[in-house]
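Engineer: What follows is a structure written as C-alpha cells; I'll ask about it next.
The values are calculated or read from the model by the stated rules, or taken from the named source; none is laboratory data. Please read all numbers here as calculations on a predicted model, not as lab measurements. Positions of Cβ are backbone-derived with ideal geometry, glycine not excepted, and every protein chain shown enters the neighbour counts. Each accessible area value is taken on the protein alone, full model and side chains, heavy atoms only, with ligands, DNA and RNA left out. Shrake-Rupley method; radii C 1.70, N 1.55, O 1.52, S 1.80 Å.
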Amino acid sequence: MRSPLLNLPGAVPAEGADEGVAAHYGDLFREQRALARGEGFVDLSHRGVLRVTGEDRLPWLHLLVSQHVERLEPNTAVDALILDANGRVEHHLQMVDDGTATWMHVEPGTTGALLEYLEKMRFFYRVEPQDVTDATAVLFLPAGSVAEVPEAVAVRETAWGRDVLVPRDALETMAGRLGSPAGSWAFEALRIEDHRPRLGFETDHKTIPHEVGWIGQAVHLDKGCYRGQETVARVHNLGRPPRRLVFLHLDGTEEVLPGHGTPVRLAADGPEGRPVGFVTSSARHHEMGPIALALVKRNTPADATLLAGTVPAGQEVVVEA
C-alpha cells in the first residue's frame with residue numbers, strides 16, 4: 001500500500017519490509033535530530049492495523065497472548081506476543097484498548113496470518129476481529145511532541161512517543177500541521193539506539209522472547225493459559241536462552257552497512273572464522289555513527305570484539321547471558 005506522503009518534497013521510497021513509505025525526505029541526520037528533540041513525525045502507514053470489538057475481547061485476548069490484558073485499562077499501551085506451541089515468536093502486537101475496542105498494529109504483511117489465527121480461536125466468545133488496514137494508518141510522534149491529532153481513532157502512549165492511529169484518507173491533510181516528516185531510516189536508527197527488537201529483523205523462525213529482551217516488556221511472567229507458556233517458564237526458571245541480543249558500535253571507516261543476516265564472528269577468528277551470530281538491523285546514527293543490533297550465541301564473550309561481515313564492532317550487552 002503506497003502512502004500518499006511519498007508525494008511530499010524530497011521523499012525517497014523505502015525498500016524491503018518498509019516499502020510503501022519514505023526511507024527519508026532528503027536529510028537523514030536532520031530528520032533524526034528532529035525526532036530526538038520531540039519534533040516532527042514518522043509515516044508508518046505501511047503497518048497492518050487490526051481492531052477487535054465485542055464484550056469478551058479482553059478476556060479472550062488474555063487467553064491468546066503473552067501479556068496480561070484481561071483487565072487492561074483504557075488508553076494503556078502494551079506489547080504482546082503470540083507464540084507457537086514451542087514458545088517461538090510468531091507475532092508481535094502493539095496494543096491499546098479505547099474502552100470499546102482493542103486496537104493493534106503489526107508488521108507489514110502479517111495481518112492475514114494473524115487474523116486467520118484469531119478467527120480460528122473465536123469459539124463461543126463474543127468477539128469480532130477485523131483487519132482495518134485499508135481504512136486506518138499509523139503515525140509516530142516522538143516523545144516530547146506537543147502536536148495534536150484530533151482525527152485520531154486510537155493513541156498508544158509509550159516511553160518512546162505516541163503511535164497515533166488515524167483515518168487513512170486524512171494522512172495528506174494532517175502532514176502539513178504535524179511538523180517535518182522523518183523517514184523510516186531515521187526511525188530505525190533511533191529504534192536500534194533504544195535496543196527495541198522488531199519482528200522479522202531481531203527474530204527468526206526459532207526466536208524465543210528471552211533472546212531479544214521481550215520478557216517483562218511483552219511477556220507477563222505471572223500469567224498462564226497461553227500457547228508457548230511452558231517454554232517461557234522453563235527457560236526463565238531453569239535455563240538460559242541459546243542466543244542473546246547485543247548492540248554493536250560499527251567501525252565507521254566502512255562505507256557500506258552490514259545488512260540483515262550478515263554473519264557475525266569473533267574478530268580474533270578473522271573473517272573466515274565460524275559465525276557466532278548474525279546482524280539483525282543496522283543504521284547510521286546522527287551522533288554514534290554506524291550502529292547495529294545482532295543476535296549472537298549466549299556463550300559469546302561480552303567483552304570480545306566482533307566482526308559484522310568484515311566490519312569490526314564493539315558490543316554492548318542488551319540481554320544478559
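Engineer: Hey, what number do you get for the chain at 222 nm if only DSSP H runs of n ≥ 4 count, each worth -39500 (n - 2.57), divided across all residues, to the nearest 500? Numbers along the way, then the final one.
Structural biologist: Values: 7 runs with 56 residues, N = 321.
My calculation for the chain gives -4500 deg cm²/dmol from helical runs alone.
Engineer: Grab the Cα-Cα distance for GLU55 and ASN237, subtract it from 0.36 nm times how many residues apart they are, and report the gain in nm with one decimal. Don't jump to the answer; show the numbers that get you there.
Structural biologist: Numbers: separation 182, 0.36 × 182 = 65.52 nm, distance 3.53 nm.
The GLU55-ASN237 span can extend by a further 62.0 nm.
Engineer: Would you please state the base-10 log of I(q)/I(0) at q = 0.15 1/Å for segment 40-108, with intensities from the Debye formula using one equal scatterer on every alpha carbon?
Structural biologist: -0.50
Engineer: Related question: Divide, for segment 242-320, the radius of gyration over alpha carbons by 2.2 N^0.38 Å, where N is the residue count.
Structural biologist: 0.96
Engineer: Using amide H atoms built in the peptide plane, which far-off residues or other-chain residues are under 5 Å from ALA23 H to H?
Structural biologist: VAL12, ALA14, SER184
Engineer: Next question, about the same structure. Pop out the ³J(HN,Hα) list for segment 107-118 in order, Karplus 6.51 cos²θ - 1.76 cosθ + 1.60 with θ = phi - 60°, rounded to Hz; leave Gly and Pro as x.
Structural biologist: Whole-Hz 3J(HN,Hα) from phi for segment 107-118: 4, x, x, 9, 5, x, 5, 5, 5, 4, 5, 4.
Engineer: Hey, what do the phi angles of segment 191-203 turn into as Karplus ³J(HN,Hα) couplings, whole Hz, using 6.51/-1.76/1.60 and θ = phi - 60°, x for Gly and Pro?
Structural biologist: After applying 6.51 cos²θ - 1.76 cosθ + 1.60, I find 5, 5, 4, 7, 6, 8, x, 10, 4, x, 10, 7, 10 Hz.
Engineer: Lysines near LYS297 by alpha-carbon distance under 18 Å, same-chain residues fewer than 8 away left out - which ones?
Structural biologist: In chain and number order, the partners are LYS206.
Engineer: Straight-line reach only, C-alpha to C-alpha below 14 angstrom: list the aspartates and glutamates that LYS223 could link to, leaving out same-chain residues fewer than 8 apart.
Structural biologist: In chain and number order, the partners are GLU70.
Engineer: Work out the P(r) tail for segment 111-184: percent of alpha carbon pairs separated by more than 17 Å, whole number.
Structural biologist: Numbers: 1489 of 2701 pairs.
When every Cα pair of segment 111-184 is considered, 55 percent fall beyond 17 Å.
Engineer: Give the span of the chain's Cα atoms along each principal axis, as three whole-Å numbers ordered largest to smallest.
Structural biologist: 58, 52, 29
Engineer: State in Å² the accessible area per residue of the chain; use a 1.4 Å probe, count heavy atoms of protein chains only, and round to the nearest integer. Write out the running numbers ahead of the final one.
Structural biologist: Working: 14180 Å² over 321 residues.
With all protein chains present, the chain gives 44 Å² per residue.
Engineer: For the chain, which whole percent of the accessible surface, found with a 1.4 angstrom probe, sits on carbon and sulfur atoms? Show your work: numbers first, answer last.
Structural biologist: Values: 7120 of 14180 Å².
Carbon and sulfur together cover 50 percent of it.
Engineer: At what distance in nm do the modelled label points of ASP222 and ASP303 sit from each other, each positioned 7 Å from its Cα along Cα→Cβ?
Structural biologist: In this crude spin-label approximation the distance works out to 3.8 nm.
Engineer: Would you kindly state the longest site-free stretch of the chain, with sites defined as GluC sites (Glu not before Pro) in a DSSP loop (not H, G, I, E, B) surrounded by at most 11 other Cβ atoms within 10 Å?
Structural biologist: 149-254
Engineer: Something else: Shape call for segment 117-241 from the C-alpha gyration tensor, a ≥ b ≥ c root eigenvalues: rounded (a/c under 1.5), prolate (a/b greater than b/c) or oblate? Let's see the in-between values first.
Structural biologist: On the way: a/c = 2.52, a/b = 1.48, b/c = 1.71.
Note, shape of segment 117-241 comes out oblate.
Engineer: Further question on the same structure: In whole angstrom, how far apart do the alpha carbon centroids of segment 164-213 and segment 91-144 sit?
Structural biologist: When both Cα centres are located, 16 Å separates them.
Engineer: Let me ask something else about it. Once you place label points 7 Å from the Cα toward the Cβ at THR253 and ALA17, how far apart are they in nm?
Structural biologist: If labels sit at THR253 and ALA17, their model points lie 3.1 nm apart.
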